[in-house]
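All remarks here apply to the structure that follows.
Please treat every number below as a calculation from the coordinates, not as lab data. Predicted model only: the values in this text are computed from it and were never measured. Heads up, the Cβs are rebuilt from the backbone with ideal geometry, glycines too, and the neighbour counts pull from every protein chain shown.
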């Protein structure tokens, strides 16, 4: 979409949506179908998880309130980075093909990503305070105060929606850029510095908090006694690997997305960054189902595959701590 009228560099030659797609887009039916299948699958997985999270005995706990809101944000984000992205890729769309859809989806995707970053940070802070300074945790998260923290994450996300440059999809690169690729050599005008701040600072801080969480868990398990040392080592290793995997996924996505908006990078690296963005919002569903006993048992119970009802406490750290960091 780089053609311009000679007498006005800000005026774009008029074409139909189909002509814009044929001219500057690349139809990617396989990528598109794969993205849509991924998005639909993971959003379906989130439905029974949400039904467990909002159960009365769970939702009264602050960590489950945060996890519920994070799951909703993830589902909405998956609509943008997977389902809508898949549709646009299948069509070979560029910004001028569906300008309204891409603009609204771009604003939403950016806001949801940044919002989820703050929610994830709130979740790990909640878990850390519960283990180390429960009195501080009560001051910040007790009762309806959790909703205040969640409201702050919404305001943070809305800031990016309202006051910063949204991302725009290009099927040529199968991802979302801040530069809509309408005008030549004007990428810097679309730079989104707050997004770079979010990706480098907020995500890094969240990863640091997760590492701190791992050390706290390991210390408390060792203090439990030598008789459970082998089990302690196994659980500590599992916790570290989960946290490292989550942090790695989101750090890779964060760094690639910042870099590729300023520097030409190989197509495979762009696809990797986009895939990490998708998986960053989808991975919690897998973690909830396979590594979170409370939620897994709840889902099995709702499916009629498990009858025993497990009582959850706010100290059920292995079952509540691992959501995501974006």
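Annotations
- The calculated FRET efficiency for residue 41 paired with residue 159, based on their beta-carbon distance and R0 = 35 Å, is about 0.65.
- With R₀ fixed at 30 Å, the C-beta to C-beta distance from residue 135 to residue 215 puts the FRET efficiency at about 0.90.
- Available extension along the chain between residue 286 and residue 144 is 48.3 nm, counting 0.36 nm per residue and deducting the alpha carbon span.
- Per-peptide packing, taken as the mean over residues of other Cβ atoms within 10 Å, places 283-289, 73-79 in the sequence 73-79, 283-289 from highest down.
- Per-residue packing, averaged as other Cβ atoms within 10 Å, sorts the ranges 137-145, 34-42 into the order 34-42, 137-145, beginning with the highest.
- Packing around the peptides 130-136, 56-62, 290-296, taken as the average count of other Cβ atoms within 10 Å per residue, puts them in this order, highest first: 290-296, 56-62, 130-136.
- Length gained when the stretch residue 151-residue 269 is fully extended (0.36 nm per residue, less Cα-Cα span): 39.0 nm
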